[in-house]
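Beneath this line is the structure, given in structure tokens, with notes to follow.
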Amino acid sequence: MGTEHKEHPEQHPEQHRKATREAWLAARLELLAAEKALTRQSDEVARQRQALPWVRIDKTYAFDTEQGRATLADLFRGRSQLLVYHFMFGPDYAAGCPSCSSIADSFNGIVTHLAHHDVTLMAVSRAPLAKLLAYRQRMGWTFPWASSFDGDFNYDFNVSFTEAQQRDDAVEYNYMRGGHAMDATPAPAPVVQFAANCGTDARTYARDRPGLSAFVLEDGTAYHTYSTYARGVDAVWGMYAWLDRAPLGRNETGVWWHRHDEYAAR
């Protein structure tokens with residue numbers, strides 16, 4: 001994570017065109033038409049997403065949670081819908097991915113609202129539970145987090161990969177094989193940077209990837225309904241929705257964000 005964001009050329013206020021209020025209003029109304037069209041298209045995409053067929057999950061998955069050993073059905077916590085954020089935190093990481101951490105900063109408040117709408121939001125990572133909970137405490141989070149440490153869950157949902165898959169160029173991520181920046185040799189600078197920030201090397205870091213998967217429970221049977229990866233998780237990366245509305249937009253020339261408790265030291 002960290003190589004998916006779309007960079008925008010640096011722009012300074014003094015370089016931007018100025019206008020009268022009347023000219024601004026005319027431009028704003030033109031933009032409003034485009035925003036309305038985008039909203040309607042987004043609504044249609046959401047309808048298509050919800051119309052996807054459900055795939056029955058016959059395999060038994062086991063997780064370590066604060067409540068003990070759990071099945072996939074247990075992760076629903078009595079609700080009919082489950083959203084899993086595949087948080088990049090491999091067993092060999094010393095800390096969670098900074099990008100996933102910035103996404104997860106919004107989970108504490110959201111999880112409460114979703115729970116009262118029959119939806120459980122759960123983070124799942126391969127690192128052992130004790131490591132996940134220690135990091136969660138450091139970050140000041142309270143949302144539920146489960147470990148898939150000794151199971152196939154991450155591999156089956158295409159967010160974790162083996163050394164053999166890396167070696168044989170057999171990593172299939174975001175519904176395609178090859179072409180992802182995290183599989184490049186040599187590794188791009190952001191991947192190297194984030195790997196070091198997580199206390200590991202680029203190849204080890206790249207064996208885990210971000211994603212979001214949705215499940216539904218019907219008559220005691222769990223079904224997989226949706227998964228998205230790479231820039232597909234931008235929609236839940238809260239800071240970008242705000243930056244896209246700031247005067248200079250994302251204004252990125254590289255990786256600029258850090259874990260929220262690391263800014264003061266920089």
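Arranged from fewest to most other beta-carbon atoms within 10 Å of their beta carbon, 124, 233 become 233, 124.
In a simple Cβ point-charge model (Lys, Arg +1; Asp, Glu -1; nothing else charged), the chain has a dipole of about 560 debye relative to its Cα centre. Residues in the range 138-147 carry Karplus couplings, in order, of 4, 7, x, 8, 10, 5, x, 9, 10, 9 Hz; the curve used is 6.51 cos²θ - 1.76 cosθ + 1.60 with θ = phi - 60°, and Gly or Pro positions show x. Stretched out straight at 0.36 nm per residue, the stretch from residue 172 to residue 73 would grow longer than its current Cα-Cα span by 33.0 nm.
Restricting attention to the range 165-266, which GluC sites (Glu not before Pro) occupy a DSSP loop and are surrounded by at most 14 other Cβ atoms within 10 Å? When the GluC sites (Glu not before Pro) of the range 165-266 are filtered for loop state and at most 14 Cβ neighbours within 10 Å, 262 remain.
Residues of the range 32-69 with backbone nitrogen within less than 19 Å of a virtual label 7 Å along the Cα-to-Cβ line of residue 150, please, listed as ranges. Taking a point 7 Å out along Cα→Cβ of residue 150, the residues of the range 32-69 whose backbone N falls under 19 Å are 60-69. Per residue, the Cα convex hull of the range 56-265 amounts to 135 Å³. Select from 206, 19, 54 the residue farthest towards the positive end of the dipole of the chain; place +1 on Cβ of Lys and Arg, -1 on Cβ of Asp and Glu, and compute about the Cα centre. So the residue we want is 19. Ordering 255, 42, 170 by the projection of their Cα atoms onto the charge dipole of the chain, which places +1 on the Cβ of Lys and Arg and -1 on the Cβ of Asp and Glu, puts 42 at the extreme positive end. Going 7 Å from the Cα of residue 94 along its beta-carbon direction, which residues of the range 227-266 have the amide nitrogen within less than 19 Å of the resulting point? Under 19 Å, as judged by backbone N against the label point of residue 94, lie 258-266 of the range 227-266.
Other residues whose C-beta falls under 11 angstrom from the C-beta of residue 177 contribute a net charge of -4, scoring Lys and Arg +1 and Asp and Glu -1. Among 81, 165, 67, the residue with the largest mean-square fluctuation in a Gaussian network model of the chain, with springs joining Cα atoms closer than 10 Å, is 67.
Do any trypsin sites (Lys or Arg not before Pro) in the range 30-66 lie in a loop, going by DSSP, with at most 15 other beta-carbon atoms within 10 Å of their beta carbon, and if so which? Can you show the working numbers first?
On the way: sites: 36, 40, 47, 49, 56, 59; in loops: 59.
Here the sparse-neighbourhood loop sites are 59.
DSSP bridge analysis restricted to the chain gives an antiparallel fraction near 75%, rounded to the nearest 5. Fully extending the segment from residue 60 to residue 113 would add 16.2 nm, taking 0.36 nm per residue of separation and subtracting the current Cα-Cα distance. Projecting the Cα atoms of 235, 140, 63 onto the dipole axis of the range 56-265, where Lys and Arg carry +1 and Asp and Glu carry -1 at the beta carbon, places 140 farthest toward the positive end.
Just from its helices, what would the mean residue ellipticity at 222 nm be for the chain, if runs of 4 or more DSSP H residues each count -39500 (n - 2.57) and the sum is divided by every residue, rounded to the nearest 500 deg cm²/dmol? Each step should come with its number before you reach the end.
Working: 10 runs with 89 residues, N = 266.
About -9500 deg cm²/dmol.
Tell me, 182, 139 in order of fewest to most beta-carbon neighbours within 10 Å? Numbers along the way, then the final one.
Values: 182 26, 139 17.
Least to most surrounded, the residues fall as 139, 182.
A short reminder: the numbers here are calculations on the coordinates, not readings from a lab. Computed from a prediction, not measured in an experiment: that's the story for all the values here. We place every Cβ from the backbone using ideal geometry, glycine too, and count neighbours over all the protein chains shown.
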